[in-house]
Amino acid sequence: MAPVRRGGASWGSDRSELLPPGYRVGSWEVIEPIGAGGWATVYAGRSTHDRTDGTDRTPRPGGQDGDKAPVRGEVALKVMPTAGLAPRQARGVAEAARREVELARRAGHPRLARLLDSVVLSAPECPSLDGAIVLVMERARCSLRDLLDVGVSEAEGRRLIAGICEGLAHLHRSGWVHTDLKPENVLIGTDGSVKLSDFGLATELTGTHGHGPPMGTLDYLPPERWRAPLGDLGVQVRASADIWALGIVIHEVFASGASPFPGATPVARGAAVQEYAEGRVPLRMDTAVPQFWRVLAADCLAPTHAARAAHTAESLHERITAQESRSTEPTPRSRAIRGWHRSRAAFLAVTVCGAAGVAVWAYAGQEGPSASPYASGELPARIRVFNAEQGCQDRADRDPQCSLGLAIDPMRPYTVDNVVPTRVWHGDVLDIDCQILRGQSIIDEGDLESTRWFRVRVPHAGPQATAWLPAVRTKDRPELPRCPHPAAGR
């Protein structure tokens, strides 16, 4: 589901503003619209349940009661109207919703976005809403497309693509094909986790193939789909269609969102796909794509289903894992690098996904032994901020994408929910007063790991406003007393 501008008048659907803030959808309440697509509008929502007993009584797809797993924070409400549609169109919307519910019931996995509830609206007083289908899903921080708009490192690209492969491998083992894999349908959780989403076009396999509606995103369709015959059951779909789309996504990840096929429009790029599939032109990739990923993408983009079939999502994931292992040495440093998936994901959430919003910030102002020395004017030491990204080391260019976050609590994951509003840049000098040695483990872009954190004064935020800088964000190593309380930045 492509994101759209919040609060603006430009939306991708004429049904985008049907639900006002506060509107009740079963056990859920609308907050605001966050996205729109061809047949659905997505809203931020929250539960209206009183969870004082710590349980979630929200009914699950398939009629199951809550499993005592609390649903906290915001959710995504995918509203799919059926009013005003021709009978065949309405059946298509209902079938898409059924597929999503069925897949969630039978093929749940950590790499698939979780479906929490499904509701059919009964609103006779509002004919445009009556009969609309609403799918309640966990809400993500952003999509892979959002990350491609600002760029990702090779190491981060590896983590993202490996997560996509894990999700696809599970789908295919469970007998499903996504059929609409693209960056907009790869979500990034608040913890940096990768989840596939939007299964409205997912197709269940019966043997080696299945049949689905003749729909999809043109830029990600394999060559055979452009000329596939339409039968009574739809078009024939195989798992290799997802592998083709994965090849496009791999190229986009390392080529700043660019397709490997030239053309000013999706139809023109589709014509380029056909020329390639017919052997009239070679596959030309952007030179920015690293060699390992060029080979992997080329295998995914084999021109025929038969040539692509050997490259399963599971085998591709194994190749990525093996390549990562070969690139590290069996030393303490390489063991630190293997912690990448946890800490690098958290770093990404702060520097990229966090660009759209900032956490609520409470500053340190405790009384007694843990109070900051800054309150009395003491300045024990200073420290210089270091950004390992070479492109972000020009102090004259304070690009927002090169800014770094200061954490509220060094014991919690280094995510957008755990940073103060004030950002810092390479070369900034900060006042510091103490340190902790066993905080959240962080690895920077140069694969250096540390659990050490420094408590720093937040620039331009008052004498008592403090936060935390991870040691990987400085080359300085001052000798400092230990902080009395690890949560002093709360």
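Below is a table of values for the structure above.
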{"read-out": "Residues 170, 251, 49 arranged by fewest to most Cβ contacts within 10 Å", "value": "49, 170, 251"}
{"read-out": "Nearest-0.05 FRET efficiency for residue 393 and residue 91, computed from C-beta distance (R0 60 Å)", "value": "0.55"}
{"read-out": "Relative contact order [Cα under 8 Å, 6+ residues apart], segment 102-170, whole percent", "value": "32"}
{"read-out": "Percentage relative contact order, segment 143-326, counting C-alpha pairs under 8 Å, at least six apart", "value": "23"}
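Coordinate-derived values only; no laboratory data. These figures come from a predicted structure and were not determined experimentally. Every residue, glycine among them, receives a Cβ derived from its backbone with ideal geometry; neighbour counts consider all protein chains shown.
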